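One structure is given here, and the rest of the page talks about it.
The values are calculated or read from the model by the stated rules, or taken from the named source; none is laboratory data. Values in this document were obtained by computation on a predicted structure and should not be read as measured data. Counting neighbours? That spans all protein chains shown, and the Cβs are built from the backbone with ideal geometry, glycine included. Ligands, DNA and RNA are excluded from the accessible area calculation, which covers all protein heavy atoms including side chains. Shrake-Rupley method; radii C 1.70, N 1.55, O 1.52, S 1.80 Å.
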Amino acid sequence: MHRLKISRQALNSLTVHVTKGFETPYKKEVGGHLLGYKDKTGFYISRAIPYNTPYGTRSAWGTNQYYFRKKGLSLETKKLKWIGTYHSHVEINRSASTGQSREDIEAHLFSDRPVDVIVRITNYKMRSPKLCLSYKTNMDSHVYFYDICGYVKNQQDRISMMAIETAEHMKLMF
């Protein structure tokens, strides 16, 4: 089974971005690029780079795939490669998924990048798969619950869930 490790810097960037989307009127999904590398145990995410689009809605973050891919490739360095994407699933009527929707699966299969991370954000605790990284924060007198779930696509285009943890080997819990 693959493992996905995420740096504190990437985790902070990702959660700040999805929280801003959650706090917009009508709660919008947001997303971005993941930069890192693959090693023998899985993938390491060094940076999460927000990708802002005017087309985000409550149930989609609306990217133009051509420009999104072009931006992802331009972010690569000698050490850090564009390994995948992240996007949020926001709570609507006390419901939000940690899984890939049909559209998420299609986008992941269409992408030439192996990693897809879904960040569920809510104002209350929900059940979460054990492989997800789950924690709670308090910001400006608001409580936020995050469930960060990773998916990897192999060379045969089969998608499976990955165990996800912070790079410091400390799993955050509620």
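Listed by first and then second residue, the pairs linking a residue in the range 11-26 that is farther than 15 Å from Tyr51 by Cα to a residue that is open to solvent by 60 Å² or more (accessible area, probe 1.4 Å) and in a loop (DSSP other than H, G, I, E, B), with Cβ atoms under 6 Å apart and 6 or more places separating them unless they lie on different chains, are Tyr26/Arg58. Does Val143 satisfy being modelled with pLDDT of 95 or more, part of a strand (DSSP E or B) and either over 14 Å from His33 (Cα atoms) or open to solvent by less than 70 Å² (accessible area, probe 1.4 Å) (or both)? In short, no. Number of residues in the range 65-107 that are of a type outside the set (Phe, Trp, Tyr) and either over 20 Å from Ser46 (Cα atoms) or touching a helix residue (DSSP H, G or I) at 6+ places or on another chain (Cβ under 6 Å) (or both): the value is 21. Scanning the range 15-51 for residues that are open to solvent by 30 Å² or more (accessible area, probe 1.4 Å) and either among the small types (Gly, Ala, Ser) or part of a helix (DSSP H, G or I) (or both) gives Val16, Lys20, Glu23. Residue check: is Tyr66 open to solvent by less than 80 Å² (accessible area, probe 1.4 Å) and among the aromatic types (Phe, Trp, Tyr)? For Tyr66, the condition - open to solvent by less than 80 Å² (accessible area, probe 1.4 Å) and among the aromatic types (Phe, Trp, Tyr) - is not met.
Pairs are defined by a Cβ separation below 6 Å, a sequence spacing of at least 6 or placement on different chains, a first member in the range 39-54 that is more than 15 Å from Gly72 (Cβ to Cβ), and a second member that is of a type outside the set (S, T, N, Q) and assigned to a loop (DSSP other than H, G, I, E, B); the pairs so defined are Gly42/His2.
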